[in-house]
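The values are calculated or read from the model by the stated rules, or taken from the named source; none is laboratory data. The shown structure was predicted, so the numbers you read here are calculated from the model rather than taken from an experiment. Note: ideal-geometry Cβ built from the backbone for every residue, glycine included; neighbour counts use all protein chains shown.
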Amino acid sequence: MKFIWQLLFFPHEKNNHRALILQPSFIGIFIAIYLFNQSLIKSFTIARPGVLGYSSEITVQKVLDLTNKERQLHNLPPLHFNNTLSLSAADKANDMFSHNYWAHNSPQGKTPWDFFRIEGYQYSVAGENLAKDFYDTESMVTAWMNSPTHKANILNTKYQEIGIGVVNGVLDGVKTTLVVQHFGSPLNGQITSDAPLSDSQVLAEIAPASPALTISPLQISKTVGIIMFGLIIGVLIIDGYLTIKNQTHRLSGSSAGHIGFLAIILLLLLVNRQGTIF
Amino acid sequence: MNLIRAIRQKPLEYFILLLIFSIAAFLFIFYRSDHFIQRRIIYGSSATYFLWSLYHHYRQGDLHLSIIIEYLLFIVLALIVTAATLF
């Protein structure tokens, strides 16, 4: 048994001086294991929708505060909170959940402006920002500010009012929180300044699911990937060390190249931020 | 061929590889808000790594099918994991 482990992780004459884990057949096994893991996650989200998902601590008030903080940093006046715009934002989030899509325009052909009209908000200019799968508000607003188009909405001097929808539900079989920002300026020029509804009020009205702590499918995929890459890089380093020590010559790919390539992918996995914006 | 000796024998080739990975990492972080561009950066750097490996082993005189398959499998594994987790 010990010998099998040795063959798996260390170069030896019995494994052609290359740890089994680094041989093409085992890399193929890693690929198969990863694909099997992904298909299990996908099957699980279909069989038991809403069990896997993303937990979130995002609130309407926090989104409003951080959005206005960004405007303040750029010497712009704060946006006034408007409950009609918030209802249109929540309608949009609910529409994405009920028709299972993630886009500005729905598969049924609804545009963001349709939601403004449905709630009776007459605008001269309007805009929409979307986000999903974020745990905290700070990361989400930072992601928007890092995107030129979303930043342009947040810092648009023509917008005077904002409405925010923070809605929990199940999208693609995965429990998540969708955040919709609707920006606008009223056509009649009359600005209202409503107080944001408390999250319990908003959620009671529009939430189709509770935001209970769930297991993130992305985190499962990421963890499996990190373990695989960490293991392969570790064995490549041991392999490099032992081949120097034993002065082994063999026909194989460049260990230094593989370490560099896998390390850069591992780094990207580790630094990759949560959530998606649109 | 061992790791350190390989780098010492072909410093320019490994410097180019380091440059490819550094540029890829920089561009990936620079375009952190654009998944469309990030995906192309991953595809581009993987393709460049594959081309580098062909050139490297051709120069070394050991460009065999088994080595090409090894590189392709490492790249496929990386692409599958990044596709499932980053986008």
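Overview of results
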| quantity | calculated |
| --- | --- |
| Residue count for segment A:237-252, restricted to those that are free of Cβ contacts under 8 Å to residues at least 12 places away in the same chain and either of a type in the set (D, E, K, R) or not in a helix (DSSP H, G or I) (or both) | 4 |
| Subset of segment B:41-53 (residues that are surrounded by 14 or more Cβ atoms within 10 Å (Cβ to Cβ), without any contact (Cβ under 8 Å) to a residue 24 or more places away in the chain and more than 9 Å from chain A (Cβ to nearest Cβ)) | B:Ile41, B:Gly44 |
| Test set (1) within 13 Å of A:Gln181 (Cα to Cα); (2) of a type outside the set (A, V, I, L, M, F, W, C); (3) part of a loop (DSSP other than H, G, I, E, B); (4) free of Cβ contacts under 8 Å to residues at least 40 places away in the same chain - A:His104 fails condition number | (4) |
| Subset of segment A:126-181 (residues that are in a loop (DSSP other than H, G, I, E, B), at pLDDT 90 or above and of a type outside the set (D, E, K, R)) | A:Leu155, A:Asn156, A:Thr157, A:Tyr159, A:Gln160 |
| Yes/no for A:Val125 being aliphatic (A, V, I, L, M) and either surrounded by fewer than 17 Cβ atoms within 10 Å (Cβ to Cβ) or within 21 Å of A:Gly189 (Cα to Cα) (or both) | yes |
| Some residue of segment B:24-33 being within 21 Å of A:Ser147 (Cα to Cα), exposed (fewer than 15 other Cβ atoms within 10 Å of the Cβ) and of a type in the set (D, E, K, R) | no |
| Output for segment A:230-270, where each listed residue is in contact with a His (Cβ under 9 Å, 6 or more places away or on another chain), facing chain B (nearest Cβ under 7 Å) and closer than 26 Å to B:Arg39 by Cβ | A:Gly253, A:Ser254, A:Gly257 |
| Residue within segment B:47-60 that is outside any helix (DSSP H, G or I) and of a type in the set (Lys, Arg) present | no |
| Residue match in segment B:64-76 (condition: buried (at least 18 other Cβ atoms within 10 Å of the Cβ), at the interface with chain A (Cβ under 7 Å from one of its Cβ atoms), closer than 22 Å to A:Pro11 by Cα and among the aromatic types (Phe, Trp, Tyr)) | yes |
| Failed item in (1) within 10 Å of another protein chain (Cβ to nearest Cβ); (2) in contact with a helix residue (DSSP H, G or I) (Cβ under 7 Å, 6 or more places away or on another chain); (3) part of a helix (DSSP H, G or I); (4) more than 18 Å from A:Gly257 (Cα to Cα), with B:Arg32 passing the rest | (3) |
| Unmet requirement for B:Leu27, which otherwise passes all of (1) farther than 30 Å from A:Leu20 by Cα; (2) at the interface with chain A (Cβ under 7 Å from one of its Cβ atoms) | (2) |
| Failed item, numbered, when A:Phe116 is tested on (1) surrounded by fewer than 21 Cβ atoms within 10 Å (Cβ to Cβ); (2) not in a loop (DSSP other than H, G, I, E, B) | (1) |
| Some residue of segment A:240-250 being surrounded by 20 or more Cβ atoms within 10 Å (Cβ to Cβ) and at pLDDT 70 or above | yes |
